[in-house]
Amino acid sequence: MAEPPERDPFPEFRLDSDAGATFVLESKGKWWHAGFHLTTAIVGPTILTLPYAFRGLGWGLGFLCLTVLGCVTFYSYYLMSKVLEHCEKAGRRHIRFRELAADVLGVGIGATLLAGECLKIMYENLSPNGSLKLYEFIAMVTVVMIVLSQLPSFHSLRHINFASLILCLGYTFLMVGACINAGLSKNAPPRDYSLDPSGSSRVFSAFTSISIIAAIFGNGILPEIQATLAPPATGKMVKGLLMCYTVAFLTFYSAAVSGYWVFGNKSKSNILKSLMPDEGPSLAPTIVLGLAVVFVLLQLLAIGLVYSQVAYEIMEKQSADVKQGMFSKRNLIPRLILRSLYVIFCGFMAAMLPFFGDISGVVGAIGFIPLDFIFPMLLYNTTYKPSRSTLTYWINLSIIIVFTGVGIMGSFSSIRKLVLDANKFKLFSSDVVD
């Protein structure tokens, strides 16, 4: 006797109108694949801005903020994974935050901008009097991203994201070695760890720095990553998070300490620029800096791909036809056109508005702080309804209250810095504003 057909546990995501969700849910990822995806989403070249963030906080507060934000984000992602597991057991598998479009767009623009800057740094080191401008390097990165964007699904990036994990360890250790070499050399820059003498400016700088660190820890695509796991997902995301945060703490602390130790309050928004000053010799061997830049550039391509998957999946919800398959001509042509247009738009915005440090602060305050420090706590309390007498309830409520205040102040401080730096901004400038 023939067995009855297996019941589809997630019928609302098998609708003909939502091909993007269907293609995602076809993935059969393992927990280590989730670890690769999470590491690429969190541990990226934005860690090169940590010394820059420390200059608004100083040693003590910098360490405290880095540790607290790291622990809170891990706890937050753990709660979010539990909520998603609960929904899966109830027959509802959520795969996206629909409100993410603006946040992932900011990440895509930032990744493209930083990749273009890396190419520019390499070019200027090889040809100091060259005529190519930053926007031309951004155009080169955009062309490469258009080609890579045609990889069909999040799960298809698992091997690229494993390479991304190796790359982030590689350039972090190279940069730490370069900073130690610079700090011990006869050309070591004078060290000054003093904060802004103005009390109000110091407060605003501190909240801007907190927003930058929040953006560095930020990961707005956890549902998308968890959706790549073969069901049931129970416990797999926790293992992936442990892998990711092992790499994160190893790289974040080493980059922050070594960079701030050498450059203090003169740290730039990209530590590579600090090691390769406009005047005087490079503060590290050319081969080390060149290799680090190549590693950063390659990982930025992976990061751009990871965060773009959210936008691609939303676009394919309406543009693709699930009945004709992922690689059919009917789905391939719209995918090629829409993804290419999206990447071109990110590249255009990166070339037109090159102020990466300020982008990080604004994205962190407005996007990642609510998404990573407030929303998961609300969802957990709403889903599991812990008693008001439990420690979990009060921890979650405290995090919501504290980070609501931090988000408001961070948003105000980051936007204030944008306004103050407005006179430095030039459309299609060849220099990234710190």
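The values are calculated or read from the model by the stated rules, or taken from the named source; none is laboratory data. In this text, all values refer to a predicted model and were calculated from it rather than measured experimentally. With ideal geometry, Cβ positions are generated from the backbone for all residues, glycine too; neighbour counts draw on all protein chains shown. Accessible surface is based on the protein model in full, side chains and every heavy atom, while ligands, DNA and RNA are left aside. Shrake-Rupley method; radii C 1.70, N 1.55, O 1.52, S 1.80 Å.
I need the Kirkwood Rh of the range 249-296: take the reciprocal of the average 1/r across all distinct C-alpha pairs and report it in angstrom.
Working: mean 1/r = 0.0867 Å⁻¹.
Evaluated on the range 249-296, it is 11.5 Å.
Could you state how much accessible area Val406 has, in square angstrom rounded to the nearest 10, with a 1.4 Å probe and all protein chains kept in place?
Taking all protein chains as shown, Val406 has close to 20 Å².
So which of Lys133/Lys266; Lys239/Lys385; Lys133/Lys273; Lys236/Lys385; Lys133/Lys186 end up more than 28 Å apart, counting from Cα to Cα? Could you put the intermediate results ahead of the total?
Values: Lys133/Lys266 25 Å; Lys239/Lys385 25 Å; Lys133/Lys273 16 Å; Lys236/Lys385 24 Å; Lys133/Lys186 32 Å.
Pairs exceeding the cut-off: Lys133/Lys186.
Using a 1.4 angstrom probe on the protein heavy atoms only, line up Cys71, Cys118 by accessible area, largest first.
Details: Cys71 75, Cys118 0 Å².
From most exposed to least exposed: Cys71, Cys118.
Once the cut-off is 12 Å, how many percent of the Cα-Cα pairs in the range 143-186 end up in the long-distance tail? Walk me through the numbers on the way to the answer.
On the way: 676 of 946 pairs.
Cα-Cα pairs in the range 143-186 separated by more than 12 Å: 71 percent.
Tally up the carbon and sulfur contribution to the accessible surface of the range 23-424 as a whole percent, 1.4 Å probe, everything protein left in place.
Details: 11230 of 16070 Å².
Solvent-exposed carbon and sulfur of the range 23-424 make up 70 percent of the total.
Among Thr39, Thr390, what's the order by accessible area (1.4 angstrom probe), most exposed first? Write down the numbers at each step before the final one.
Values: Thr39 0, Thr390 50 Å².
Sorted by accessible area, descending: Thr390, Thr39.
Can you give me the Rg/Rh ratio for the range 201-300, using Cα atoms for both radii and the Kirkwood formula for Rh? Spell out each step's value before the answer.
Working: Rg = 17.9 Å, Rh = 16.7 Å.
Taking Rh as the inverse mean 1/r over Cα pairs, Rg/Rh reads 1.07.
Just the accessible area for Lys30, please: 1.4 Å probe, Å², rounded to the nearest 10?
Approximately 100 Å² for this residue.
Write down Rg/Rh for the range 23-424, rounded to two decimals, with Rg from the C-alpha atoms and Rh from the Kirkwood relation over Cα pairs.
Computed over Cα atoms, the ratio is 0.97.
Could you report the range 23-424's accessible area per residue, 1.4 Å probe, as an integer in Å²?
Details: 16070 Å² over 402 residues.
Value returned for the range 23-424: 40 Å² of accessible area per residue.
Please list Thr392, Thr73, Thr382 in order of solvent-accessible area, largest first, computed with a 1.4 Å probe with all protein chains present. Could you put the intermediate results ahead of the total?
Working: Thr392 50, Thr73 0, Thr382 90 Å².
So, going from the largest accessible area down, we get Thr382, Thr392, Thr73.
Going by average Cβ density within 10 Å per residue, which order do the peptides 213-226, 186-199, 162-175, 273-286 take, highest to lowest?
Working: 213-226: 26.0, 186-199: 10.9, 162-175: 20.9, 273-286: 15.1.
Order by mean packing, descending: 213-226, 162-175, 273-286, 186-199.
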